[in-house]
Amino acid sequence: MKKDEVKIIPLGGLDKIGMNITAFETDEDIIIVDCGMSFPSEDMLGIDYVIPDITYLIYNRERVRAFFITHGHEDHIGALPYVLKQLNVPIYATKLTMGIIEGKLEEAELMDVTKRNVVKYGDIIETGDFKVEFIRTNHSIADAAALAITTPAGVIVHTGDFKVDYTPVYGEPIDLKRFAELGNEGVLAVMCDSTNVVRPGFTMSERAVGDRIDKIFADHPKNRIIIATFASNVDRVQEIVNAAQKYNRKVIIEGRSMVSIFDIAQKLGYLEVPDNIMVDIEEIGNYTDEQICLITTGSQGEAMAALSRMASSAHKKVSIFPGDTIIFSSNPIPGNEKAVTKVINDLYDKDAEVIFENTHVSGHACQEEIKLIYTLTKPKYAIPVHGEVRHLKEHAKLCKSLGMDNEHIFVLHSGDVLKLSPKKGKIVDKVVAGEVMVDGLGVGDVGNIVLRDRQSLSENGIMIVVMTLERYGSRILAGPDIVSRGFVYVRESEDLIYEAQTVVREALERCLGSGVNDWGRIKTVIRDTLSEFLWKKIKRSPMIIPIIMEVD
């Protein structure tokens with residue numbers, strides 16, 4: 001590259017919601033903004049979550065200088081414990097963000113080997129060819145920041161996830177003055193949050209939800225109140241605690257992530273919790289319904305989250321009773337709608353009152369706020385980020401409406417390499433940028449082949465064919481026996497199983513009679529013959545696994 005050029009390489013966060021990670025590169029240095037995870041899609045059976053493929057960064061590890069984190073949501077920090085094991089470089093983040101990251105590093109036993117740097121708004125960190133300034137923004141979690149990244153090509157403003165909130169619950173409003181100053185000094189490009197770009201107007205202030213929650217408490221004085229929200233939405237939790245104190249209720253925190261972030265936020269001073277208001281869940285039976293407010297995880301319908309287990313009667317300590325008031329203080333993340341609907345229906349089935357209207361405001365900017373950022377910063381280039389393809393395309397239209405030239409707007413895909421200079425910008429290459437699936441303690445060991453097998457098992461079931469052959473001979477000593485799971489109920493399909501055994505035995509005898517002694521070939525013949533029989537008989541295609549044992 002020339003001295004006045006920089007490359008921008010999104011390795012995630014485009015084409016889908018979540019898994020945000022972007023590299024900024026010169027000949028000598030690479031810095032990374034965010035390192036998040038995403039929820040698995042419906043076809044990723046058994047997968048816990050998805051993290052970005054960092055093959056490109058590993059290949060260039062000697063030039064990677066640091067991670068700069070915009071805020072503490074999972075889609076921006078969730079992959080750090082996995083990525084840091086392969087790419088251990090310093091992390092820069094604001095106080096609460098770092099506190100949440102450290103909780104993850106402790107679980108991963110990485111605290112002692114990870115360099116952590118807590119920054120304040122206005123701090124400028126110099127590393128190699130880059131200078132990075134943290135700018136105050138508002139979001140649905142405290143301590144969110146935008147980044148002004150000074151590169152050899154110019155200043156690039158990365159908004160992170162943001163909105164303009166003039167009355168935030170914690171802290172001060174977004175620093176619009178600094179955005180304007182940067183615009184006057186000259187901004188090369190803006191990488192702006194696209195999540196709410198299809199929504200006109202402004203995003204409502206977080207305090208509007210506080211008023212709604214207060215009214216719900218006032219309207220339900222005799223009911224037990226259970227509120228599900230994002231664990232990381234510390235401002236929302238503060239509003240719930242405030243309402244509980246006002247109406248003389250005790251507060252119970254339930255859900256592993258909720259308890260963890262609540263403790264971190266309280267310890268760091270981001271939550272003000274009155275004395276004697278908190279109660280352990282073990283003591284819930286000691287209080288009447290009108291004395292209890294339970295704050296829990298599960299607003300996204302996650303199968304193992306606390307509210308989901310309560311709704312399905314699987315929670316060991318909390319049961320849902322008629323008259324309970326359940327508040328969903330969040331909107332479903334795209335892809336989670338079915339899971340959330342199921343939980344809501346389970347709660348209705350238990351005669352609980354479910355409230356989900358006007359109990360949440362977004363943490364993302366709508367159209368007018370996005371326009372404001374562009375108007376203040378006056379960038380030469382626009383690079384929409386954080387969204388699905390439709391969000392990025394709509395964002396590009398919004399930029400055109402502001403008078404930007406089409407050739408100065410770049411709608412990228414993950415893996416695209418965008419080279420910028422003060423004179424021009426161009427997509428010049430594409431690097432590896434995919435998804436790495438996490439299943440339990442396994443990272444990346446489940447790929448498309450395993451997922452395809454899981455899909456087949458879930459749709460068609462499995463048949464295992466076991467037979468015993470004479471070693472060095474051609475006699476069938478036992479079997480074939482057939483074991484079926486998820487295919488047919490054996491006790492009601494004895495005739496089918498008997499016919500299948502006959503078909504396999506005949507195929508096996510043909511192989512042995514022809515002198516075929518290659519087990520691999522015998523298994524293929526059995527698999528093909530049985531598969532053809534089952535399809536003709538009942539139009540089903542289970543996974544078939546032949547097992548051959550030999551004895552002397």
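The values are calculated or read from the model by the stated rules, or taken from the named source; none is laboratory data. Fair warning: this is a prediction, and the values are worked out from it, not measured in the lab. Ideal geometry is used to build each Cβ from the backbone, glycine not excepted, and the neighbour counts take in all protein chains shown.
Could you check segment 362-404 and list, in sequence order, the residues that are in a loop (DSSP other than H, G, I, E, B), crowded, with 21+ Cβ neighbours inside 10 Å and touching a Ser or Thr at 6+ places or on another chain (Cβ under 9 Å)? If you could, list the steps in order and put the result at the bottom.
First pass over segment 362-404, keeping only residues in a loop (DSSP other than H, G, I, E, B): 362-366, 378-380, 386, 388, 402-404.
When the remaining residues are screened for being crowded, with 21+ Cβ neighbours inside 10 Å, the result is 363-365, 379, 386.
Correct list: Gly363, His364, Ala365, His386.
State whether one or more residues within segment 179-195 are surrounded by fewer than 22 Cβ atoms within 10 Å (Cβ to Cβ), in the same structural domain as Cys366 (by TED's automatic domain parsing) and within 17 Å of Val361 (Cβ to Cβ).
No, every residue in segment 179-195 fails to be surrounded by fewer than 22 Cβ atoms within 10 Å (Cβ to Cβ), in the same structural domain as Cys366 (by TED's automatic domain parsing) and within 17 Å of Val361 (Cβ to Cβ).
Which of the residues belonging to segment 327-359 are polar (S, T, N, Q) and part of a helix (DSSP H, G or I)?
Just the residues of segment 327-359 that are polar (S, T, N, Q), to begin with: 329-331, 336, 341, 345, 358-359.
Passing the criteria: Thr341, Asn345.
Name the single residue that is surrounded by the fewest Cβ atoms within 10 Å (Cβ to Cβ) among those in segment 3-18 being modelled with pLDDT of 85 or more and among the charged types (D, E, K, R).
Result: Lys3.
For segment 19-42, which positions are modelled with pLDDT of 85 or more, over 18 Å from Phe410 (Cα atoms) and either in contact with a Ser or Thr (Cβ under 9 Å, 6 or more places away or on another chain) or crowded, with 19+ Cβ neighbours inside 10 Å (or both)? Please lay out each step first, then the result.
Initial filter on segment 19-42 (modelled with pLDDT of 85 or more): 19-37.
From what is left, the residues that are over 18 Å from Phe410 (Cα atoms) are 19, 26-37.
Within segment 19-42, Met19, Thr26, Asp29, Ile30, Ile31, Ile32, Val33, Asp34, Cys35, Gly36, Met37 meet the criteria.
Considering each of Leu534, Leu530 in turn, give the residue that is over 11 Å from Val465 (Cβ atoms) and either hydrophobic (A, V, I, L, M, F, W, C) or part of a strand (DSSP E or B) (or both).
Numbers: Leu530 fails: over 11 Å from Val465 (Cβ atoms).
Within the list Leu534, Leu530, the selection yields Leu534.
Could you tell me how many of the residues in segment 493-512 are part of a helix (DSSP H, G or I) and farther than 15 Å from Met467 by Cβ? Full working, then the answer.
First pass over segment 493-512, keeping only residues part of a helix (DSSP H, G or I): 494-512.
Filter again for farther than 15 Å from Met467 by Cβ, leaving 494-496, 498-499.
The number of residues fulfilling the criteria is 5.
In segment 171-201, what residues are hydrophobic (A, V, I, L, M, F, W, C) and touching a Lys or Arg at 6+ places or on another chain (Cβ under 8 Å)?
Within segment 171-201, Ile174, Val187, Leu188, Ala189, Val198 qualify.
I'd like the full set of residues that are within 10 Å of Leu268 (Cβ to Cβ) and among the charged types (D, E, K, R), limited to segment 79-102. It would help to see each step written out before you state the result.
First, pick out the residues of segment 79-102 that are within 10 Å of Leu268 (Cβ to Cβ): 95-96, 98-100.
Lys95 - this is the single residue of segment 79-102 that is within 10 Å of Leu268 (Cβ to Cβ) and among the charged types (D, E, K, R).
Filter segment 173-188 down to the residues that are acidic (Asp, Glu) and touching a residue at least 12 places away in the same chain (Cβ under 8 Å) and list them by number.
Matches in segment 173-188: Asp175, Glu185.
Results for (1) more than 21 Å from Ile344 (Cα to Cα); (2) exposed (fewer than 15 other Cβ atoms within 10 Å of the Cβ), shown as yes or no for each residue.
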site	(1), (2)
Gly255	no, no
Leu268	yes, no
Pro274	yes, yes
Ser299	no, no
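From the list Val432, Val465, which one is at pLDDT 70 or above, assigned to a loop (DSSP other than H, G, I, E, B) and in contact with a helix residue (DSSP H, G or I) (Cβ under 6 Å, 6 or more places away or on another chain)?
On the way: Val465 fails: assigned to a loop (DSSP other than H, G, I, E, B).
One residue alone meets the criteria, Val432.
Under 22 Å from Arg63 (Cβ atoms) and touching a helix residue (DSSP H, G or I) at 6+ places or on another chain (Cβ under 9 Å) - does that describe any residue in segment 131-139? It would help to see each step written out before you state the result.
To start, the set of residues in segment 131-139 that are under 22 Å from Arg63 (Cβ atoms) comprises 131-133.
Filter again for touching a helix residue (DSSP H, G or I) at 6+ places or on another chain (Cβ under 9 Å), leaving 133.
Yes, some residue in segment 131-139 is under 22 Å from Arg63 (Cβ atoms) and touching a helix residue (DSSP H, G or I) at 6+ places or on another chain (Cβ under 9 Å).
From Met304, Met310, Met278, which residue is under 22 Å from Val354 (Cβ atoms), surrounded by fewer than 23 Cβ atoms within 10 Å (Cβ to Cβ) and either aliphatic (A, V, I, L, M) or not assigned by TED's automatic domain parsing to the domain that holds Ala231 (or both)? Spell out the reasoning first.
Numbers: Met310 fails: surrounded by fewer than 23 Cβ atoms within 10 Å (Cβ to Cβ); Met278 fails: under 22 Å from Val354 (Cβ atoms).
Only one candidate passes the filter, namely Met304.
Looking at (1) within 18 Å of Ala66 (Cβ to Cβ); (2) over 19 Å from the mean Cα position of the chain (by Cα), which is the one condition that is false for Leu84?
Unmet for Leu84, out of (1) within 18 Å of Ala66 (Cβ to Cβ); (2) over 19 Å from the mean Cα position of the chain (by Cα): (2).
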